[in-house]
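Rule-based calculations on the coordinates, nothing more; no lab input. If you're wondering where the values come from, they're calculated on a predicted model, not measured in any experiment. In this analysis, Cβ positions are derived from the backbone assuming ideal geometry, glycine residues included, and neighbour counts consider all displayed protein chains.
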Amino acid sequence: MSAGAGALARPREAGDLDRVYVWELPVRLTHWAIALSIFVLAFTGYYIGSPFIAVPGEARFAFVMGTVKAIHFYAAIVFTVAMLSRIVWMFVGNEYARWDQLLPVSAARWRVMWGTFRYYVFLRRDPPAVTGHNPLAGVLYSLVFLINLAMIATGLALYSTSASLDSPLRAFDFLVPLVGGLQTARWIHHVGMWLLLGFFVHHIASALLWSIIERTGTMESIFSGVKFITHRHRGEGSE
């Protein structure tokens, strides 16, 4: 046997890295669609609530507010479709995309979540090894998903009252009393926007932290879908 063949045939060691395809294309596409649409929705939504562009002349010649509302509406369609697609993929995607990676439904995930919490509060030197979402982040993502759904519900409620008479979106006017009326819907919509923007800051900071600490390609994986996991840790925390 040649030296090269012997090197290829050597036993796997603890420090070896496995190239693991974690984030499938639908997960990556919905992630970026949701992220980018949130920025468009936040900017246009803030302008709709507090117009800060002054245009001289009659409104019919500029139609700034109407244009901003149209952009907001189409961005909301992208956001809603991406959210619903991601929810569907929780049930048909690979093991790292499924709903039980967000909610700690197994004893193993609870143990990893406790270990992750201890790491965050400086009671543990190294974070538990996890291939997909760590359970603590999964719980936070679940809360963010609930905020996203609340944004969709309140957005549909608000739009249903101003939609044209022949618009199918008028069918969502039943949501208005369910969310506490239009004024409450606006308040929920506004607070939800700031919560999502705050989560964005936390999300980037945490992703950078885990990418530096774990050195598994966490940041790069949302583009490629691939992470590099230490051989002996592969699968830990993902049961």
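At a glance:
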read-out	value
Neighbour-count order for Val179, Val112, Val81, Val201, fewest beta carbons within 10 angstrom listed first	Val201, Val81, Val179, Val112
Top positive-direction residue, dipole computed over the chain with Cβ charges, set Ala54, Leu143, Pro128	Pro128
Fewest-first ranking of Asp166, Asp173, Asp126, using other Cβ atoms within 10 Å as the exposure measure	Asp166, Asp126, Asp173
Cα centroid of the range 125-166 to Cα centroid of the range 72-101, whole Å	10
Chymotrypsin sites (Phe, Trp or Tyr not before Pro) within the range 81-126: DSSP coil, no more than 13 neighbouring Cβ in 10 Å	Phe122
Proxy reagent accessibility, fewest Cβ within 10 Å first, across Ile213, Ile222	Ile213, Ile222
Fraction in percent of alpha-carbon pairs per bin - 10 Å, the chain	7, 25, 28, 19, 12, 5, 2, 1, 0
Dipole magnitude (debye, nearest 20) for the range 16-233, charges at Cβ of Lys, Arg, Asp, Glu	400
Whole-number percent relative contact order across the range 16-233, with pairs defined as alpha carbons under 8 Å at least 6 apart	28
Trypsin sites (Lys or Arg not before Pro), loop per DSSP, at most 11 other Cβ atoms within 10 Å - longest free stretch of the chain	13-124
Top positive-direction residue, dipole computed over the range 147-239 with Cβ charges, set Leu169, Ile222, Ala185	Ile222
The chain: calculated mean residue ellipticity at 222 nm from DSSP helix runs of at least 4, using -39500 (n - 2.57)	-21000 deg cm²/dmol
